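Have a look at the structure below before the remarks.
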Amino acid sequence: MHINGFYIHPGYLDRNTQEELVGCLRQIVQKAPFFRPEMPRTGKPFSVEMTSAGPLGWVSDKHNGYRYQNSHPVTGNPWPAMPEVLLSLWFDLTGYHRPPECCLINLYRGEKPKMGLHRDKDEHDMEAPVVSISLGDTAVFRMGGFNRGDPTRSIKLTSGDVVTFGGAARLSYHGIDRIIANSSTLLSQGGRINLTLRRVNL
Ligand code: MD6
Ligand code: FE
């Protein structure tokens, strides 16, 4: 499905590739454990846990808000390297001339995890698309428009689906309403992992 630069590739990753990615993620999370970001100002914890791979990671806390930084906020270590398989996927899908600098890893597990309607606008390179990979349980994804109040539509993303947000859709509102429990057998502990590949700097 293609709407103004929003492109869904259903089942882009076969089961073997999904399992290979989960293996890569296991190694990443050993070095860079999941942490729970906080909303700027209020300090309210996210229901989603996060970590990153690549030169930059996305973090957020009460005092310093949303940002990219080159080290893990808890361990202080540099983020683990971006897996090669993700670099190839980025170039195959986008043909973009610069590599992604951040693979943000979102974990949806536990009590009603969700992600409110938002736009990804902390990057300097807005020409670059964002590539999003779904693994594990099915997500009910909400796609909106350029303004918060614009009409939205609900789309299910299943394990192996890859979405690209480019062109006019790059700054569209979107979010995750809910996760459908036990809809996939990929992750042994259940839940959903979403990877987003981002180019941050020009
Ligand atoms: C998620 N995805 O699928 C959340 N952002 O868990 C996003 O927030 C997202 O899918 C930018 C581009 C694509 C996305
Ligand atoms: Fe987003």
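If a/c stays under 1.5 just call it rounded; otherwise compare a/b with b/c (prolate if a/b is bigger, oblate if not). Do that for the chain, with a ≥ b ≥ c from the square roots of the Cα gyration tensor eigenvalues. Don't skip to the end; give the middle numbers.
Working: a/c = 1.11, a/b = 1.05, b/c = 1.05.
Note, shape of the chain comes out rounded.
How much of the accessible area of the chain, in percent, comes from carbon and sulfur atoms when a 1.4 Å probe is used?
Working: 4900 of 9860 Å².
That fraction is 50 percent.
Just to confirm, what accessible area per residue do you get for the chain at 1.4 Å probe, in whole Å²? Display every interim value, and only then the final one.
Working: 9860 Å² over 202 residues.
Per-residue accessible area for the chain comes out at 49 Å².
Would you check the chain for Lys pairs whose C-alpha atoms are within less than 23 Å, ignoring same-chain pairs closer than 8 in sequence, and give me the count?
9
State, as an integer percentage, the relative contact order of the chain based on alpha-carbon contacts under 8 Å between residues 6 or more apart. Please list the in-between numbers first.
Working: 481 pairs, mean separation 52.6, N = 202.
Contact order relative to length: 26 percent.
Please identify the longest segment of the chain free of exposed trypsin sites (Lys or Arg not before Pro), where exposed means a DSSP state other than H, G, I, E or B and no more than 11 other Cβ atoms within 10 Å.
On the way: sites that count: Arg41, Lys121, Arg148.
Formally, the longest exposed-site-free interval is 42-120.
For Ser71, enumerate residues with amide H under 5 Å from its amide H, sequence gap 5+ or separate chain, H modeled in the peptide plane.
Correct list: Gly57.
Mind running the shape call on the range 91-202? Use the C-alpha gyration tensor, a ≥ b ≥ c as the square roots of the eigenvalues: rounded below 1.5 for a/c, prolate if a/b tops b/c, oblate otherwise.
Numbers: a/c = 2.09, a/b = 1.36, b/c = 1.54.
Since a/c reaches 1.5 but b/c is at least a/b, the shape of the range 91-202 is classed as oblate.
The values are calculated or read from the model by the stated rules, or taken from the named source; none is laboratory data. Only a predicted model underlies this, so the values are computations on that prediction, with no experimental measurement involved. Every residue, glycine among them, receives a Cβ derived from its backbone with ideal geometry; neighbour counts consider all protein chains shown. Ligands, DNA and RNA are stripped out before the accessible areas are found, and what is left, the full protein with its side chains, is counted by its heavy atoms. Shrake-Rupley method; radii C 1.70, N 1.55, O 1.52, S 1.80 Å.
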